[in-house]
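Worksheet for the structure shown next.
The values are calculated or read from the model by the stated rules, or taken from the named source; none is laboratory data. The structure displayed is predicted, hence computed values, not measured ones. Glycine gets a Cβ as well: all are built from the backbone with ideal geometry, and neighbour counts include every protein chain shown.
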Amino acid sequence: MTGLLTDRAKAEREAKIRVVVSKLAHEVPELSDLDSATLEKVARIAMFEEVKGKLKKAAELERIPYQVERERFIARASRTGSERTRKLYAAALDRLETWCTRQGISPLELTPARADDWIEAEKAEGRAPATVRLAVSGASAFWTWLERRHSELHNPFRGTRARPMSRPRRKLAVPSDAEIELLEAAAKPELRAAIVIMAQAGLRVGGLPGLSINGTRWSTTSKGKDQGGKVPDEAREAITRAELPLRSPFKSTTTENVAKAFEYLAKKLHAEGKLRARYSVHDLRHAFAVRLYKSTHDVYKVEKALGHANVAVTEHYLVSLGIEQQNP
């Protein structure tokens, strides 16, 4: 039986060598003049290098502490104060790891083709397109994290076309200054303070828990980036009236609670006919961007104030708000 297996293995190896020989002769015309024996030697060398490369890659992956990196990544998401983001990332990685286990591979062995296969499998299970997009975004965010920490890894989700397309969104409704004042007046003191700082400084709700005020300046971390600016007088007054500590006014506040309280208030006022739309907390950031751009016509000032990665992001942001850009 052992001899039979050995003969079979030899036959399979020889068949593979013949395939490699044929491929080399076809893809590298310069080798076509070599005799069959020499060409076979080149094929064996090529196969050896291929195996060596695979072994080297496997050794590199073995040194990467996947579970440790996963826990660090999830913990980092938690530190931003967004419990929803943490749950999204964890759920996405759980589903991806389950799929990889069924395929008999480590998540670190993902290639662009395998990443596309996972996305297609998610769609085949009947998940909503929006759910699949969120899962892909979560997995891709983790691989970007890994890529920055381990140069031998590359994000297999970058550039994928398997991700479901987003449906065209309706034109965003941006609250007017009068509507924001109405929201502030109807809100409880702590929520009012949050509304004022978000509307006056363009702060994301995710930046509230880490917000710190020192003298005339505020600073926080939002989406992993440092952000800061001058404290608006209205924000300082609202925080003081709410009897919140200036140093860390929203330290014990969760972004989810702020978002829900704001949406409940906006829904109530909209039902009463006092607001044009049921606004979300992010619409306050939209209002800030509109107000700043219309007063300055300077996209670079808006970019800096919003903490965007580059001006191209800001330009897209303004277009999405229906703002026609002008030269400053």
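The rows are residues; the columns are (1) touching a residue at least 12 places away in the same chain (Cβ under 8 Å); (2) touching a Phe, Trp or Tyr at 6+ places or on another chain (Cβ under 6 Å); (3) within 25 Å of Leu321 (Cα to Cα).
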{"site": "Pro164", "(1), (2), (3)": "yes, no, yes"}
{"site": "Pro189", "(1), (2), (3)": "yes, no, no"}
{"site": "Met198", "(1), (2), (3)": "yes, no, yes"}
{"site": "Gly202", "(1), (2), (3)": "yes, yes, yes"}
{"site": "Lys225", "(1), (2), (3)": "yes, no, yes"}
{"site": "Asp233", "(1), (2), (3)": "no, no, no"}
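Just for the stretch 68-121: of the residues that are of a type in the set (S, T, N, Q) and without any contact (Cβ under 8 Å) to a residue 40 or more places away in the chain, which one is farthest from Lys251 (Cα to Cα)? Selected residue: Gln103. None of Thr240, Thr216, Thr221 is more than 25 Å from Glu256 (Cα to Cα) and of a type in the set (Ser, Thr, Tyr) except Thr216.
Yes or no, residue by residue, for (1) of a type in the set (Ser, Thr, Tyr); (2) more than 25 Å from the chain's Cα centre (by Cα); (3) modelled with pLDDT of 90 or more:
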{"site": "Leu244", "(1), (2), (3)": "no, yes, yes"}
{"site": "Ser252", "(1), (2), (3)": "yes, yes, no"}
{"site": "Ala261", "(1), (2), (3)": "no, yes, yes"}
{"site": "Ala277", "(1), (2), (3)": "no, yes, yes"}
{"site": "Phe288", "(1), (2), (3)": "no, no, yes"}
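When the stretch 149-190 is filtered for residues that are of a type in the set (D, E, K, R), outside any helix (DSSP H, G or I), surrounded by 10 or more Cβ atoms within 10 Å (Cβ to Cβ) and modelled with pLDDT under 90, the ones remaining, listed by number, are Glu152, Arg163. When the test is whether a residue is touching a strand residue (DSSP E or B) at 6+ places or on another chain (Cβ under 7 Å), of a type outside the set (Asp, Glu), crowded, with 18+ Cβ neighbours inside 10 Å and over 26 Å from Ala92 (Cβ atoms), Ala194 does not pass it.
Each row is one residue, and each column tells you yes or no for (1) modelled with pLDDT under 90; (2) among the hydrophobic types (A, V, I, L, M, F, W, C); (3) in a loop (DSSP other than H, G, I, E, B).
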site	(1), (2), (3)
Gly81	yes, no, yes
Thr85	yes, no, no
Asp94	no, no, no
Gly126	yes, no, yes
Leu134	yes, yes, no
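Contact annotation: residue pairs with Cβ atoms under 7 Å, 6 or more positions apart or on different chains, pairing a residue in the stretch 293-313 that is touching a residue at least 60 places away in the same chain (Cβ under 8 Å) with a partner that is buried (at least 18 other Cβ atoms within 10 Å of the Cβ) and assigned to a loop (DSSP other than H, G, I, E, B), are Ala305/Gly202; Leu306/Gly202. In this structure, Asp283 does not satisfy being modelled with pLDDT under 90, surrounded by 14 or more Cβ atoms within 10 Å (Cβ to Cβ) and not basic (Lys, Arg). Which one is surrounded by the fewest Cβ atoms within 10 Å (Cβ to Cβ), of the residues in the stretch 247-277 that are over 28 Å from Ala75 (Cβ atoms) and hydrophobic (A, V, I, L, M, F, W, C)? Taking the candidates together, the pick is Ala271. For the stretch 197-229, residues that are in contact with a Ser or Thr (Cβ under 6 Å, 6 or more places away or on another chain), assigned to a strand (DSSP E or B) and at pLDDT 90 or above total 2.
Surrounded by fewer than 20 Cβ atoms within 10 Å (Cβ to Cβ), of a type in the set (Val, Ile, Thr), out of contact with any Phe, Trp or Tyr (no Cβ under 8 Å at 6 or more places or on another chain) and without any contact (Cβ under 8 Å) to a residue 40 or more places away in the chain, is that true of Thr216? Yes, satisfied. Please tell me if Ala261 is touching a Ser or Thr at 6+ places or on another chain (Cβ under 9 Å), aliphatic (A, V, I, L, M) and assigned to a helix (DSSP H, G or I). In short, no.
Going through (1) modelled with pLDDT under 70; (2) under 18 Å from the mean Cα position of the chain (by Cα) one by one, Lys56 falls short only on (2). Being aliphatic (A, V, I, L, M) and part of a helix (DSSP H, G or I): is that true of Ile239 here? Criteria met by Ile239.
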